[in-house]
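K.L.:
First, the structure itself, so that you have it in front of you.
Any read-out appearing in this document is the output of simple, stated calculations on the displayed coordinates, not a laboratory observation. A quick note: this is a predicted structure, and the numbers were derived from the prediction, not measured. Ideal geometry is used to build each Cβ from the backbone, glycine not excepted, and the neighbour counts take in all protein chains shown.
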Amino acid sequence: MSKAKNSITEKMAKLDALLAWFDGDEFELEAATAKFIQARELATSIENDLLEVKNSITVLSEQFDRKK
């Protein structure tokens, strides 16, 4: 799960950078649509990764509860 965590952390950093671009001095209206699409796709990927982690935790929790 550490690999997934690093992947999520890296994606979050990329998303933060993309979002910061919108507030930064380098903002260009012409590039905004492409940046927005990138940010949306990255956010969806992060959401999917987090869902996978949540599902793994749920499975582990259920396995732990059965062993009690």
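K.L.:
Taking only Cα atoms and a 10 Å spring cutoff, compute GNM fluctuations for the chain and point out the largest among LYS54, LYS11, LYS35.
P.N.:
LYS54
K.L.:
Still on this structure, I have one more. Would you work out which of MET12, VAL53, ALA31 lies farthest towards the positive end of the dipole of the chain? Charges go on Cβ: Lys and Arg +1, Asp and Glu -1.
P.N.:
Towards the positive end, the residue furthest out is VAL53.
K.L.:
For region 2-67, what does the equivalent ellipsoid look like in terms of its semi-axes, each the square root of 5 times an eigenvalue of the Cα gyration tensor, given largest first in whole Å?
P.N.:
The equivalent ellipsoid of region 2-67 has semi-axes of 35, 10, 7 Å.
K.L.:
Give the range of the longest stretch in the chain that excludes all GluC sites (Glu not before Pro) found in loop regions by DSSP and having at most 15 other beta-carbon atoms within 10 Å.
P.N.:
Segment 29-68 is the longest.
K.L.:
Magnitude of the Cβ-charge dipole of the chain, K/R +1 and D/E -1, about the Cα centre, nearest 20 debye?
P.N.:
Dipole of the chain, to the nearest 20 debye: 720 debye.
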